[in-house]
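Written out below as structure tokens is the structure these notes cover.
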Amino acid sequence: MSLLESPSFETISSAIKTTTHPDGSYVLALTSLGNYYVSSASAPSNAIHLFDKSSLKCVQTLKGHQNATTVLRTVRGIGGSDRHTLLSAGKDGCVITWDERSGAPTTQMTSGRSRTILSCDTSHDGLTVAAGTGLQKEDAFILYWDPRKPNVPLRVHGSTHSDDITAVHFLKNCPSPTSGQILLSASTDGLVSTSNSAEDDEDEAVLNVGSWGCSISQAGWIRDSSANRVWAASDMETFSCWSNELDMLQNCDIRHPSVHSNGRTWVTDYMITCHNTKRSDSNLAVFVGSNEGDVALLSSSNVTDSSAPWTINSVWAKGHTGVVRSVFWDENHEVLVTGGEDSKISTWRCPIPSQFSGFGKSAQDECESAMDMDSTILKRERDDEMDISESEPGKKVKR
């Protein structure tokens with residue numbers, strides 16, 4: 001595998017702002033809400049902190065979960081609301097939506113038992129919330145709620161996976177009444193799966209299953225003008241791409257592509273996460289890191305083709321000491337937010353690489369037009385996935 005330098009490659013060595021996380025813990029998740037960047041951190045910190053985007057000063061703290069916060073994302077339209085809302089999940093078995101104005105939960109969905117929740121997402125219409133649990137005894141569950149009736153799950157699926165469910169993501173581009181119900185899930189059992197979230201019978205609910213044979217730490221949808229695909233990352237720093245039917249299209253060690261030229265060296269030590277950019281039909285932004293605390297943005301001209309070269313677009317250097325656990329790409333403001341094991345949160349200038357800068361009329365655009373959605377839908381969908389590429393916190397750690 002080769003790694004080419006983008007014609008617009010740039011090393012950025014000076015952060016716009018840097019702050020230290022109030023709890024002195026690893027920064028595991030970052031998202032955005034209005035004028036704030038929002039973070040959650042590793043145990044023993046359970047709180048969720050809001051930082052002013054301009055100053056990076058911590059301006060508010062939400063109490064978080066009784067046990068570690070495992071998921072943090074921003075959604076819109078949950079339960080029929082039109083507001084952008086923080087959604088979190090934790091080891092206390094709860095999924096919570098927050099009112100950042102009062103600092104209090106607005107909805108708390110409980111599993112009814114003490115089940116650690118490792119992943120969660122909301123459907124495009126906001127009327128279904130899904131969550132994946134950690135393994136308890138011999139079972140791991142996908143739980144579904146109607147957020148308007150949060151006390152008891154609508155349904156519980158217990159045989160889709162046999163180990164920790166590390167990712168759940170609804171299909172959100174141009175959902176029809178059926179496609180908007182499709183849920184992607186991934187697990188440390190090595191399986192990626194798609195399910196019909198509206199089907200009570202779990203045997204009938206599972207649509208497709210792909211087996212990777214290694215522990216999967218992250219996964220998400222890849223939006224494309226022609227077809228939806230899936231990316232996944234393993235605990236072994238390998239990256240894979242899958243068809244809509246979950247046939248494997250690529251399987252590579254993300255550490256192998258490297259640069260040693262023009263007096264410049266980049267070697268990837270680990271993958272942080274992926275991000276679906278709205279600026280191109282099919283480009284997936286892959287964020288990787290070095291043990292020294294630097295971050296790079298990689299892309300492939302064709303993630304479905306294992307022979308296609310990778311490109312390094314930007315490097316953000318000298319901002320962290322040690323592993324960077326989370327990144328959030330604020331495309332609207334061309335800012336990258338990074339959080340690390342050093343408890344630092346930094347904002348960086350993030351110019352849009354040339355291969356991500358084209359705006360074409362995609363199938364999604366055409367479908368949105370046909371459905372008479374107003375022009376705010378693009379922003380809504382971007383904000384729906386504000387927690388980096390439909391992902392859970394980037395680099396996983398035990399809490």
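With a cut-off of 14 Å between beta carbons, the residues surrounding Ser343 carry a summed charge of -1, where Lys and Arg count +1 and Asp and Glu -1. Computed from the C-beta positions of Lys137 and Asp253 and an R0 of 35 Å, the FRET efficiency is 0.55 to the nearest 0.05.
The relative contact order of the chain, computed from alpha carbon pairs under 8 Å that lie at least 6 residues apart in sequence, is 18 percent.
Using a probe of 1.4 angstrom and keeping all protein chains present, the accessible surface of the chain works out to 38 square angstrom per residue.
Could you calculate the FRET efficiency of Thr61 with Arg349 from 1/(1 + (r/R0)^6), where r is the beta carbon distance between them and R0 is 35 Å, rounded to 0.05?
Working: r = 28 Å, r/R0 = 0.80.
The formula returns an efficiency of 0.80 here.
Just going by the charge dipole of the chain, with Lys and Arg at +1 and Asp and Glu at -1 on Cβ, which of Leu50, Leu298, Ser32 is farthest out on the positive end? Among Leu50, Leu298, Ser32, the one farthest towards the positive end of the dipole of the chain is Leu50.
Over 27 Å between Cα atoms, which of Lys57/Lys278; Lys149/Lys278; Lys149/Lys172; Lys63/Lys278; Lys63/Lys149; Lys63/Lys172 qualify? Result: Lys57/Lys278; Lys149/Lys278; Lys63/Lys278; Lys63/Lys172 exceed 27 Å. Comparing His256, His275, His157 in a Gaussian network model of the chain (Cα springs below 10 Å), the most mobile by mean-square fluctuation is His256.
The mean sequence distance of close C-alpha pairs (under 8 Å, at least 6 residues apart), as a share of the length of segment 262-359, puts its relative contact order at 22 percent. Extension gain, Ile16-Asn151: 0.36 nm per intervening residue step, less the Cα-Cα distance, totals 44.3 nm. Here is how the number arises for the chain: DSSP H runs of 4 or more residues each give -39500 (n - 2.57), the sum is divided by the residue count, and the result at 222 nm is -1000 deg cm²/dmol.
Across segment 1-84, Cα pairs under 8 Å and at least six residues apart give a relative contact order of 21 percent.
Which shape class applies to the chain: rounded if a/c is under 1.5, otherwise prolate when a/b exceeds b/c and oblate if not, where a ≥ b ≥ c are the square roots of the Cα gyration tensor eigenvalues? Judged from the Cα gyration tensor, the chain comes out rounded (a/c under 1.5).
Here the chain has 45 percent of its accessible surface on carbon and sulfur atoms, given a 1.4 Å probe and all protein chains in place. Rounded to the nearest 5, the antiparallel percentage of DSSP beta bridges internal to the chain is 95%. Available extension along the chain between Glu5 and Asn302 is 105.3 nm, counting 0.36 nm per residue and deducting the alpha carbon span. Taking θ as phi - 60° and the Karplus parameters 6.51, -1.76 and 1.60, the scalar couplings of segment 53-61 work out to 5, 7, 9, 6, 7, 6, 10, 7, 10 Hz in sequence order, x denoting glycine and proline.
The values are calculated or read from the model by the stated rules, or taken from the named source; none is laboratory data. Please read all numbers here as calculations on a predicted model, not as lab measurements. Neighbour counts are summed over all protein chains in view; Cβ atoms, including those assigned to glycine, are modelled from backbone coordinates with ideal geometry. Protein only, heavy atoms only, side chains kept; ligands, DNA and RNA dropped before computing areas. Shrake-Rupley method; radii C 1.70, N 1.55, O 1.52, S 1.80 Å.
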